[in-house]
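Reading through the structure tokens given below for one structure.
The values are calculated or read from the model by the stated rules, or taken from the named source; none is laboratory data. Everything numeric in this text was worked out from a predicted model, so none of it was measured. Counting neighbours? That spans all protein chains shown, and the Cβs are built from the backbone with ideal geometry, glycine included. Heads up: the accessible areas ignore ligands, DNA and RNA and are worked out on the full protein's heavy atoms, side chains in. Shrake-Rupley method; radii C 1.70, N 1.55, O 1.52, S 1.80 Å.
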Amino acid sequence: MAIVNLQNVTYKYPLTEKPALQNIDLQMKEGEFVAVIGPNGAGKSTLCYTLAGFVPHFFKGELTGSVEVARNETSKSNLHEWVLNVGLAFQNPFNQISGAKYTVFEEIAFGLENIGVPREEMKGRVKEAMKMTGISDLADRSPYSLSGGQQQRVALTSILVMQPKVLVLDEPTSQMDPIGTREVFSVVRTMAERGMTVILAEHKMEWIANFADRVIALHEGQILVDGKPGEVLTSDVLTEKGFGISRYTSVARRARELGLWKRDTLPVTLEEAVKGFKE
Amino acid sequence: MSQDFLNLLIALAAVGLVLGWAYVTKRMQKDFSSTMTWVLIPVAIAINISIGQLVLVLKLPVYLDSIGTVLVGVLCGPWAGALTGALSNFVAGIIFDPGWWPWIPVAATIGLTAGLCANAGFFKTWWKVVVTGFLIAIAATIVGSPIAVLLGGISASGSSIITAFLLQTGKGILESVLTTNFLVEPIDKISTSLLAFAILDGLSARYLARFPRGENAQLDQQRRTSELVIALVTVVILVIVTIVFVVPLTNN
Amino acid sequence: MPDRLSFYLKKNSIIHALNPFTKLTLVFAIVTYGLIGAGFWTATILVCLALLPLAFTARLLKEYLGVAVKLILPTAGFMFVMQSIFIPGGTTEIFRLGSISIELETVQRSYLIASRIFLFISAFALLLLTTHPSELMTNLTQRGLPPQFAYVIISTLQIIPQMQAKSLTIIAAQRSRGLDTESSFIKRIGLLVPLVGPLVFGSLVEVEERAIAIEARGFTSTHKKTYLHEVPDTNLDRAIRTILIALIIVAVVWRVWPS
């Protein structure tokens, strides 16, 4: 049973002519971890907003086709009901701080207060979520006193604590160092293993190869390739359409042309590349 | 002094009636229908306060401390504008000095007037914006002068020096306060409105459409020469109106 | 520029422990009495017999006096002096210098206005000194104020220091490029645009993302809100409020009643 089901979705922002998404068909299973790649303007963010209900409820504009998450139709639902099922975190950590709270603990509880979770349960859930993302020691700090990476983890925790069925992440690691990125990816992986469905727009190919179950490549609002990370990330189409690809893939491709790469498939990560070159 | 108290009660009742009427007739709800309004208001207040301080640093002879209020009035509506103005002075009272609090009704009037003018389509070309600025100044004067009189005519603001001068030339308190306001307010409020207009001009139509009354700020495309003529005529009329209002007052 | 954006000072006192709404009622009562009390010394007496003992009980006497001297006295004092000198009227001349004369009646009237302003403002200042803004707003929300108001007030208090930091950075950057706040009038007007532009556009463009972020966290939810922190409301609070409201009603009725 697909928890996310997009059928023939086309969307235009208000006052624009060109659709931002075109004929998107996408099904996702419960607990699946799907990465979305694509150059800037390919429609990654729009796809994220569509899944999270902000298209069309917040952005208005013209949506055709059907968007279904957890058996709810977006056109028959309200945004404030929709966000109970689908959580959204995005790129700029600073703009995700509510501003209505003085400490990290209160900040993470903000969403739970809004949806009316009883006090004792709220405290438990906040503590648990902070432990999971490794920010328990920040509880009493002001959210504004944190570094970008810490703020991004607070933003992620603030969404996780609401326990959505589907988690939508729009380039959440773009402001993070490798250590922070690793933490985010491993938390997200854990959530997927516990049954949360994750869709992640991301540029960092090696991380996707290591963590995601499936990759979708978007180009000019359309799905270009959809498949296993190993296949999608090394496909020649990506290079043709100007996607940024992993440096290990480019090195191995050049090596294959020179007859130095013996395997059928190209590598995405350092480990794969090292193994392949050793053969 | 009991008369002052009675007047205050009457003023409060009038404000209550207007708010009640706007709420019951659902005029107020549209302004606050979007989360954009609630997020814009704090930003607008911060803009008011920051620009107000910048102007002090640059030692310009205006306040320009209600650009944010005018922006909210135009983009979200008169009631949201009024709330922004009121909260702006309230917050300034908390963080600088509580001398801002008596002027809360004036700040609210500025936002309200800006919103009403914008709803009437008077924030779409720059000469209309000049008119809006002038109307804001008139409204601010009407509301502000009784408050100034209630506070004894002289407060800690810079323009009080003019009031003090006029008082020394033998004029009454109300007269001096009104004259001062007619001298100071139009320049300040027209500059404020024009700056707000320039800011809106720099934002994309797609972005503006996200606000409850974004259509108020979709600017008209008009021919330059006709605009210039109309603007000149407007300014001349405004000058005449000001003289007609102020001169009799000072001569009385 | 202020270092902190709320007056609040944490102390372990009975005043701090009172419910914020009780303190608000108290301020309202003091303001009402100050407004309708006809006596010349009413405001002064209220400051001495109500506010000073309250500040002492809250263990904030020093801080309260500090706020009064630094913030309120300059405003009220300036008004008192200026009005005493410049407002005409009155017959009992007590001082004369050239064309400027000071009359007893004007001084009295000015004192009445200034002392009232001092009373109102310092009553609010005492409320803010003893109540955390977040606690105050939470409590008012629990009592029916739309939750959006709490959001607006608290986030304003948090945005302003950031905006001020930003505008200081911009001023510093412009200074290093030769900004001169002492230059000619026209030049200074010209300076306004490069200073205001980055400040305003940056923060306006952020509005959309910030609206999305709080909507994603149920800001527009129609569920009944719950609260992380409990704001205690004791029997003592309710008793104090009842007495205060009774006192306000008595005062208003006594004043408005045609005598």
Evaluate the relative contact order of chain A (contact order divided by residue number), counting alpha-carbon pairs under 8 angstrom at least 6 apart; express in whole percent.
-> 22
Reported to the nearest 10 Å², C:R143 has, with a 1.4 Å probe, an accessible area equal to 100
Is the shape of chain A rounded, prolate or oblate, going by the alpha carbon gyration tensor and its root eigenvalues a ≥ b ≥ c, with a/c under 1.5 for rounded and a/b larger than b/c for prolate?
-> oblate
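State the number of lysine pairs found in chain B whose Cα atoms come within less than 22 Å, restricting to pairs 8 or more positions apart or on distinct chains. Walk me through the intermediate numbers first.
On the way: B:K30/B:K124; B:K59/B:K189; B:K124/B:K189; B:K128/B:K189.
So the count works out to 4.
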Using +1 at the Cβ of each Lys and Arg and -1 at the Cβ of each Asp and Glu in chain B, identify which of B:G93, B:L71, B:L56 lies farthest towards the dipole's positive end.
-> B:L71
Report ³J(HN,Hα) in whole Hz for each residue of segment B:19-31, in order, from the Karplus equation J = 6.51 cos²θ - 1.76 cosθ + 1.60 where θ = phi - 60°; Gly and Pro get x.
-> 4, x, 4, 5, 6, 5, 7, 6, 6, 7, 4, 4, 4
Karplus-derived 3J(HN,Hα) from phi for segment C:15-30 (6.51 cos²θ - 1.76 cosθ + 1.60, θ = phi - 60°), whole Hz, x at Gly and Pro, runs 5, 4, 6, 5, 5, x, 5, 4, 5, 5, 4, 4, 4, 4, 5, 4
Alpha-carbon Rg with Dmax, taken over the protein assembly as shown, Å | 30.5, 110
Give me the orientation-averaged projected area of the Cα convex hull of segment B:8-141, in nm², one decimal.
-> 8.7
Between segment A:224-252 and segment C:163-239, how many Å separate their Cα centres?
-> 42
At R0 = 56 Å the Cβ-Cβ FRET efficiency linking B:I147 and A:T239, nearest 0.05, sits at 0.20
Ellipticity estimate at 222 nm from DSSP helix runs (n ≥ 4, -39,500 (n - 2.57)) divided over chain A, nearest 500 = -11000 deg cm²/dmol
Once you list every other residue whose beta carbon is under 9 Å from the beta carbon of A:V83, what net charge do they have if Lys and Arg are +1 and Asp and Glu are -1?
-> -1
Given unit charges at Cβ for Lys, Arg (+) and Asp, Glu (-), the dipole magnitude of the protein assembly as shown about its Cα centre in debye, nearest 20, is 500
Using the structure shown, list the pairs from A:K18/C:K166; A:K44/C:K224; A:K127/C:K62; C:K70/C:K166 with a Cα-Cα distance above 28 Å, or answer none.
-> A:K18/C:K166; A:K44/C:K224; A:K127/C:K62
Chain A: angle of helix A:247-257 to the longest principal axis, Cα-based, in degrees nearest 10 | 20
Determine the relative contact order of segment B:24-251: mean sequence separation of Cα pairs under 8 Å and six or more apart, normalised by residue count, in whole percent.
-> 23
What accessible area per residue comes out for segment C:97-227, rounded to a whole number of Å², with a 1.4 Å probe?
-> 40
Roughly how many nanometres apart are two label points built 7 Å out from the Cα toward the Cβ at A:N40 and C:A165?
-> 2.6
At a Cα cut-off below 19 Å, give the aspartates and glutamates reachable from A:K29, other chains included and same-chain residues fewer than 8 away excluded.
-> A:E68, A:E73, A:E193, A:D213, A:D226
Kirkwood hydrodynamic radius of segment B:24-251, from inverse mean 1/r over distinct Cα pairs, in Å = 18.0
If the cut-off is 12 Å between C-alpha atoms, which aspartates and glutamates fall inside it for A:K278, apart from same-chain ones fewer than 8 positions away?
-> none
Inter-part gap, Cα centre of segment C:107-158 to Cα centre of segment A:34-92, in whole angstrom, is 41
Rh (Kirkwood, all Cα-Cα pairs) for segment A:95-163, Å, reads 11.6
Between the Cα axis of helix A:104-114 and the main Cα principal axis of chain A, the angle (0 to 90°, nearest 10) is 70
Mind checking the dipole of segment B:65-218: about its Cα centre, +1 per Lys or Arg Cβ, -1 per Asp or Glu Cβ, Debye to the nearest 20?
-> 380
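Name the shape class, rounded, prolate or oblate, that the alpha-carbon gyration tensor gives for chain C, where a ≥ b ≥ c are the square roots of its eigenvalues, rounded holds for a/c under 1.5, and otherwise prolate holds if a/b is larger than b/c and oblate otherwise.
Oblate shape, in that a/c is at least 1.5 and b/c is the bigger or equal ratio.
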What is the spread of the Cα atoms of segment C:145-215 along each of their three principal axes, largest first, in whole Å?
-> 49, 21, 19
Hey, got the average number of other protein chain Cβ atoms within 10 angstrom for residues in C:84-92?
-> 4
Quick one: pull the percent of accessible area on the protein assembly as shown belonging to carbon and sulfur, 1.4 Å probe, ligands and nucleic acids left out.
-> 63
Within segment A:13-87, DSSP-loop GluC sites (Glu not before Pro) with at most 15 other C-beta atoms within 10 Å are A:E17, A:E30
